[in-house]
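The values are calculated or read from the model by the stated rules, or taken from the named source; none is laboratory data. No experiment lies behind these values; they were computed from the predicted model shown. Virtual Cβ from ideal backbone geometry, glycine too; neighbours counted across all protein chains shown. Quick note on the areas: whole protein, heavy atoms, side chains included, nothing else; ligands and nucleic acids left out. Shrake-Rupley method; radii C 1.70, N 1.55, O 1.52, S 1.80 Å.
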Amino acid sequence: MVTSLVRASSSHAAAIAVVLASFHLDAAEPPARSRELDALYRQAEAAMRSLDMVEARRLWARIHHLDPSTMALCQLGVVDTRLGRWDAAAEELSECVARMPPPKNDLERRRWEVRHADFARVLGEVGVLHVVTPPGIVPARILVDGREVGRADRVYVQPGQHEIVAMAYDGRIARVSAAAKAGESQSVPVVFDAIDSRPARPAGATGGPLAPTREALAGPAPSGVKPWVVASGATAAVGLLVTGIGLHVAANSAEDERRAALCAPAREGDAAQAHASREGVSTMSHLGTASLTAGALLSVATFVYIVVANDSEEGQPEVYACRCSARWPPHNRVALRSHHQNAAPD
């Protein structure tokens with residue numbers, strides 16, 4: 001019994017030892033990503049020692065993509081400074097110094113001072129734009145020279161003229177140009193157009209309609225007749241007329257059948273059937289008459305609408321050199337039409 005317990009304990013101890021050994025081996029072997037990062041770090045440091053800043057920039061960008069650490073971001077800022085990419089270096093170094101924790105020893109303090117000195121040097125080479133939007137409007141995107149920026153309150157740009165495009169969430173766009181100077185910051189206000197823009201009334205003008213705009217004068221005059229109204233009225237009128245005619249034809253046919261049945265020899269139940277048939281014929285006849293009446297009235301109403309709408313359109317005055325609009329009373333339309341016909345050139 002004791003021997004079997006000893007053997008079982010030994011087997012369990014051996015199994016635990018094997019598992020621990022496998023964990024140790026897995027922990028000792030670095031993952032594939034760590035090996036790639038170690039190789040990239042060595043290549044980037046070698047490129048910087050050989051002053052190959054283009055290759056160093058590519059390697060540090062790859063490192064920052066795989067592991068977006070503060071160290072990789074700071075190194076990107078340093079390399080961009082040596083390449084003269086001042087706007088990119090300012091953006092990277094500003095984020096670098098914001099992420100750096102307070103120094104705890106001499107090495108960290110020296111590194112902290114060097115990075116702040118680099119950032120101060122870069123600020124003397126770029127201009128800072130503060131894009132200001134109206135209160136209550138948060139821009140969805142801001143583009144500076146076609147490049148999207150992450151924040152509106154601090155945009156680092158090279159000295160010179162720049163175009164700022166702000167896009168609101170409702171689709172409105174504001175464009176403005178600004179001249180940046182090295183070592184200076186300035187506010188750039190942007191104004192979005194109103195969604196429902198209407199022509200402003202001139203100062204001192206009193207009541208009355210506004211004069212038509214140039215675009216309204218250049219465009220075609222609106223017609224008084226609405227095609228969809230005419231089409232709907234005509235379709236409904238034709239449908240009612242056809243329905244009324246069909247009901248009358250059916251009523252006549254049913255009446256002929258009823259009369260033929262009355263002439264036949266009388267059978268049990270024929271009187272009740274004839275009475276029911278007569279009521280059905282009468283109902284169809286009344287419905288057909290109502291449908292014909294409604295179709296005729298709708299046809300007349302559509303025709304009257306066309307005449308009245310055309311008459312209203314002809315009663316509007318023509319616009320020549322001056323911008324004006326007027327409504328003529330009904331009793332003056334004939335006189336106005338005669339005046340235009342007499343004044344028309346040959």
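Filtering the range 107-141 to residues that are touching a strand residue (DSSP E or B) at 6+ places or on another chain (Cβ under 6 Å), among the basic types (Lys, Arg) and in contact (Cβ under 8 Å) with a residue 40 or more places away in the chain leaves nothing. Helices (runs of 4 or more DSSP H) fully within the range 1-75 that include at least 3 residues being open to solvent by less than 50 Å² (accessible area, probe 1.4 Å), modelled with pLDDT of 55 or more and in contact with a helix residue (DSSP H, G or I) (Cβ under 6 Å, 6 or more places away or on another chain): 32-49, 53-66.
Condition check: open to solvent by 20 Å² or more (accessible area, probe 1.4 Å), aliphatic (A, V, I, L, M) and either more than 17 Å from SER187 (Cβ to Cβ) or more than 26 Å from the chain's Cα centre (by Cα) (or both). Does LEU143 satisfy that? So LEU143 passes the test.
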